[in-house]
Every structure is written in C-alpha cells, then in structure tokens.
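Here's the structure we're looking at; comments come further down.
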There are 2 protein chains.
Amino acid sequence: MKAEFINPFLQATKNVLETMCQTEAKAQKPQLKKDKKTFGDVTGIIGMASEEVTGCMILSFEKKCIINVVASMLMEDPKSELDDEIVDAVGELTNMICGGAKASLAKLDHKFDLATPNMITGQGVEIATMSDSPTIVIPFTTKVGEFVIEANLAEK
Amino acid sequence: MKAEFINPFLQATKNVLETMCQTEAKAQKPQLKKDKKTFGDVTGIIGMASEEVTGCMILSFEKKCIINVVASMLMEDPKSELDDEIVDAVGELTNMICGGAKASLAKLDHKFDLATPNMITGQGVEIATMSDSPTIVIPFTTKVGEFVIEANLAEK
C-alpha cells in the first residue's frame, strides 16, 4: 500500500470518532499486519473497488471500547454486553470511516466505490486477506479503550 | 436482491467448480438468509461496488468438501487438515465465482468492480451484513460434501 494512502484512513478515523462519537482517538505508529487474528471483539470489513484500485478496510474494537463509543454516539448509558445495535453501529462506523477516506483519496485522483459492510463478532477470529500488497495496521487509543483499523488498497 | 441477480451467481458457481475443480455442484433451492452463522469451516467474503450497485458475496465450505475440492483443483491427494494453501484457494474461488457473476451481470447492464477477498477460518463465526436488502443463500451439494454461496447485491 502506498504511503499516501495511509493518512486519509487515519484522518477519517479521527474525524468520525470525534464528530460522531465525541471520542478523541489518538493514532499510534502505523505498522505492517503480521498475524491473521482480529484485534478486537467486534470487527467491521468493507470492500473498496473501481477500475483502478481494489482493497478492503477492517475496523476492530475491543469490547469495552465499542460499548462506550456507541454509548457516546447514541447519547445513552453504556450497555453491559455486546448486542445487535452495537454490531450494527460498527458497520455504520466502518462505512463512515471508509467513506471519509474515499472522499480524501478522490481529491488525490484515486477513485473507488464502497461495498456493503460485514460485521464479525468474536475475539481472535482468523481473517486473511488475498492481496499481493501488505496490509497496514493503525492502532488507536481512546480514554475508553483501544481499537485498530487495517487497510489494504492497491492499484490494479 | 432482485431475482435476476441470483442466476448469475448460481451459474458462475457451477462453472467455476466444474471447470477449475472438476467437481459437479448441484444447486439447491435459493432461500433467504435467516441467521448470522457461517455455514462452513472456511469462508470467503468479497465486496462488489460501483456507482450504481453495492454488495458482498460469501462462499463457505465445510471442511471435508473444501479439502477435496482443493485436491481436485491442484491435482494432488487430499490433505488431512486445513492449511494456508486451502484458505488461499477459497479466496481464489471467491474471486473467480464473483468475477463470473460480474461478467454475466455486466451483460444485463449491471456493472461493478470487485474488492479484495478476505477469508475467515472457523466454524459458526457470526457474520452480519449491513444492508437493507435481504441476503440470498444458495446451498450446493457435491459428491465430497456441501457448501453455500450467499449474495447481497442492491441498487443504490
């Protein structure tokens, strides 16, 4: 993945968490993904596709983090357990973050459309990516816990 | 999902299994997806996207079935366990089947591009789809076991 592809995902993540969920998200150093396990307990996956590029983005939250992020997003008290509403919210956040990165990358003349998000529940699920291009992981910390985004976007 | 979207996925699945894996795949009656569990032990997911449509396709094999299908595909003896080569083959098959459906749907003037496939290992993993459109499941039987495809493709 080209270095210029990383920042749009990083910025979109910060923007969505801050504006939609009133949660400050601090990005840690981006790194290459080494294993295949999901980072967190709820994980969103979304495909990116056009005639020029192909890719996917993964957003994975630890349980405590997503329960509190969704509570801020919906302006409600935190739930005690994961439920369908929280899983759907991860799909929405995945869509919004990737939509933000899409808008920034379109300005750099890298255009693509978004596929339908899928959400996976469960810790340590093995997800491999079929790509010749490496996957970049950006860890984020918040006051309520940690999450990561993983992006793999390659020119055809 | 429109009825005219179903047959291209069904035909592409039969074609890919027969031509690439020398495996006859008999389609059972398509049905609406009701639960969120993966059908099999190895599951491929691929996104579809364009300015007009958005979607995803899932291909999920039970262990015995994919071990034998990959053995036919590679013209080797069946392995005793799932490994990275089999998981990668599920990514390839997901790509080829969705690519076949893409070509048929383009002829009906429904055009889209494919995202990067992801492959999930594990039985009964919960995968939800964030879409207003229902997901169609097509079960297939072969001499070596069962698999399903699940397609969700909607006009924007």
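Taken together, the values in this text are just the output of simple stated rules run on the coordinates, not laboratory data. Predicted model, so just to flag it, every value in this text is computed and none were measured. Counting neighbours? That spans all protein chains shown, and the Cβs are built from the backbone with ideal geometry, glycine included.
Quick notes on this one:
- Most to least packed among A:112-118, B:129-135, A:4-10 [average Cβ atoms within 10 Å]: A:112-118, A:4-10, B:129-135
- Axis of helix A:84-107 versus longest Cα principal axis of chain A: the two differ by about 30°, to the nearest ten degrees.
- Using a 7 Å projection from Cα along Cα-to-Cβ, the label point at B:K64 is separated from the same position in the remaining copies by 4.5 nm, smallest value first.
- Chain A: angle of helix A:3-21 to the longest principal axis, Cα-based, in degrees nearest 10: 20 degrees
- Residue with peak Gaussian network fluctuation, chain A [Cα springs, cutoff 10 Å], from A:E92, A:E62, A:E76: A:E76
- By definition, a body whose alpha carbon gyration tensor gives a ≥ b ≥ c is prolate when a/c is 1.5 or more and a/b is larger than b/c, and the protein assembly as shown fits this prolate description.
- Sequence-distant residues sharing a close amide H with B:D113 (under 5 Å, placed H): B:A49, B:S50
- Each copy carries a label point for A:N7 at 7 Å from Cα along the beta-carbon vector; from one copy to the others these points are 5.1 nm apart, nearest first.
- Calculated from the alpha-carbon coordinates, the range B:48-156 shows an Rg and a Dmax of 15.0, 45 Å respectively.
- Out-of-range pairs (alpha-carbon distance over 26 Å; input A:K2/A:K63; B:K34/B:K64; A:K2/B:K14; A:K2/B:K156): A:K2/A:K63; A:K2/B:K14; A:K2/B:K156
- Helix axis angle, A:63-74 relative to chain A longest principal axis, alpha carbon, degrees: 90 degrees
- Over the protein assembly as shown, dividing the summed -39,500 (n - 2.57) contributions of all DSSP H runs of at least 4 residues by the number of residues returns a 222 nm mean residue ellipticity of -12000 deg cm²/dmol.
- The two copies B and A are related by a rotation, and the chain B beta carbon nearest its axis, with distance in whole angstrom, is B:G47, 1.
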